[in-house]
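Structure first, then comments.
The values are calculated or read from the model by the stated rules, or taken from the named source; none is laboratory data. Just so we're clear, the structure is a prediction, and the values are computed from it rather than from any experiment. Note: ideal-geometry Cβ built from the backbone for every residue, glycine included; neighbour counts use all protein chains shown.
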Amino acid sequence: MKSILKYSLLVVFLQLFSFCSSDEKINEQATPEQVNFLDKAYIEKATVDEKLEYRRFHLLNLATWLSHHNNEVRGLVQSYNKNNSQQEIFSVESLINEFKKSGNVISPEIEASLNTSLAAFRNLDGEDWYPYIQYERMIEDANKQPYDDSKPLYAMEDYENNEEIAVGYQENSDGDLEEINEKLTPEVVGEEDDIIVIGIGVCPIAIEGEPCVFQTSVPDPPGSFFKVDIGTMKVKAHKEVYPFRSDLSFTGFFEPTLPANSGDCGQPMFRSVNCYDPDGSNIDQYHRSWISNGDTKTQNYKIKSQPTSTNDDIIIYVIFEHDSWPATIRTATLTFPNGIGRNIIYRSWQTKYDSRTVSMDPGNSYGLPYANNVVVNNSEIEYNLKVRAN
């Protein structure tokens, strides 16, 4: 298992700001000499194991504070959701800010420690990440026996021996967060009142309920136009271990004709992100029950818009399960009929759900399928594309 097993805010603070001498043991194995938890330049060039240790360290620092103030934090969430739709995910930073607005006091030392861990994920490998928590009990109405309301179970996604794992942490009698000695299963999770997923995401979801709206760099044509949508979708493979959900994501581009040169990406369309952004655009977060029950969801997820229903454009895209930093950045090469290949990158511990090259011309002379007729049904996903008026 992982080297860091127990955390307390005091220990974290001492390690971050006092830099203990080499003969002082913070825990059994992890020390600043092994992983520098403050040096982003080092971490960006570090091994995957060191990056995971860095992420684990800072998330557990935040989780420790949240656990110590579980009643107050959960009260903030419940108060917000009492008069609003049931928001499921909250940024840790917004919860800390609301905690202070409610008249609670955080000592300068602890606040400095929290700010250090929040900032640890900003401008990391050129991207900003935002720690969040997700209350599974608000969304999974499972039968449970009361366990201990004051000691929530935190679930964190991790990676070990080339596979994703779920690790649970809970306060011990000393107030430290300690890795539980059980694999997270529905039976173990079913005993708990509070199941809280903690992770990092690319979107800063605020407690005020501001959604993370996709901002396209390619606006719709003026007036009436046609758009290409992912219509309905059924996900068959979780690609996430229990209790996590599958974050379905999309990245894609187009070319107005057959490209002459191989390379990266293509022309941007409505749903395109930066060519070298591996995180893509979120389609939906698929509940485990949706996948297990074989539910088909209506997405109407626009990927491209254009003035007419047909043209010569050729679309290339990848649908994948997105994982956060430091997950592997993978490359899918989409090949055009003339043999030219274009590369699309995406971030995931898992292989993609699907990738396609389709045409906007129903009479495409290269034999590419017309987007409006595309129906995909493989062992991991089922979906269709459709072209329709705005």
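State whether the residues of segment 224-245 include one that is farther than 20 Å from residue 314 by Cβ, of a type in the set (Phe, Trp, Tyr), surrounded by 16 or more Cβ atoms within 10 Å (Cβ to Cβ) and out of contact with any His (no Cβ under 6 Å at 6 or more places or on another chain). Yes; the residues of segment 224-245 include at least one that is farther than 20 Å from residue 314 by Cβ, of a type in the set (Phe, Trp, Tyr), surrounded by 16 or more Cβ atoms within 10 Å (Cβ to Cβ) and out of contact with any His (no Cβ under 6 Å at 6 or more places or on another chain). Only residues that are at pLDDT 95 or above and exposed (fewer than 13 other Cβ atoms within 10 Å of the Cβ) were counted across segment 355-380, and they come to 4. Every test in (1) in a loop (DSSP other than H, G, I, E, B); (2) farther than 17 Å from residue 59 by Cβ; (3) modelled with pLDDT under 90; (4) of a type outside the set (Lys, Arg) is passed by residue 184 save one, and that test is (2).
The conditions of being part of a strand (DSSP E or B) and at pLDDT 90 or above are met by residue 199. Within segment 156-179, track down each residue that is of a type outside the set (S, T, N, Q) and part of a loop (DSSP other than H, G, I, E, B). Correct list: 174, 175, 176. For the structure I just gave you, tell me whether residue 94 is of a type in the set (S, T, N, Q), more than 19 Å from residue 176 (Cα to Cα), in contact (Cβ under 8 Å) with a residue 40 or more places away in the chain and not assigned by TED's automatic domain parsing to the domain that holds residue 324. Yes, satisfied.
Against the list (1) more than 28 Å from residue 52 (Cα to Cα); (2) modelled with pLDDT of 90 or more, the condition residue 215 fails is (2).
Listed here are the strands (runs of 3 or more DSSP E) enclosed by segment 307-390 that have at least 1 residues being of a type in the set (Gly, Ala, Ser) and touching a residue at least 24 places away in the same chain (Cβ under 8 Å): 341-347, 354-359, 381-389. Each residue in segment 307-352 was checked for being crowded, with 16+ Cβ neighbours inside 10 Å, in contact with a strand residue (DSSP E or B) (Cβ under 7 Å, 6 or more places away or on another chain) and of a type in the set (Val, Ile, Thr), and 7 pass.
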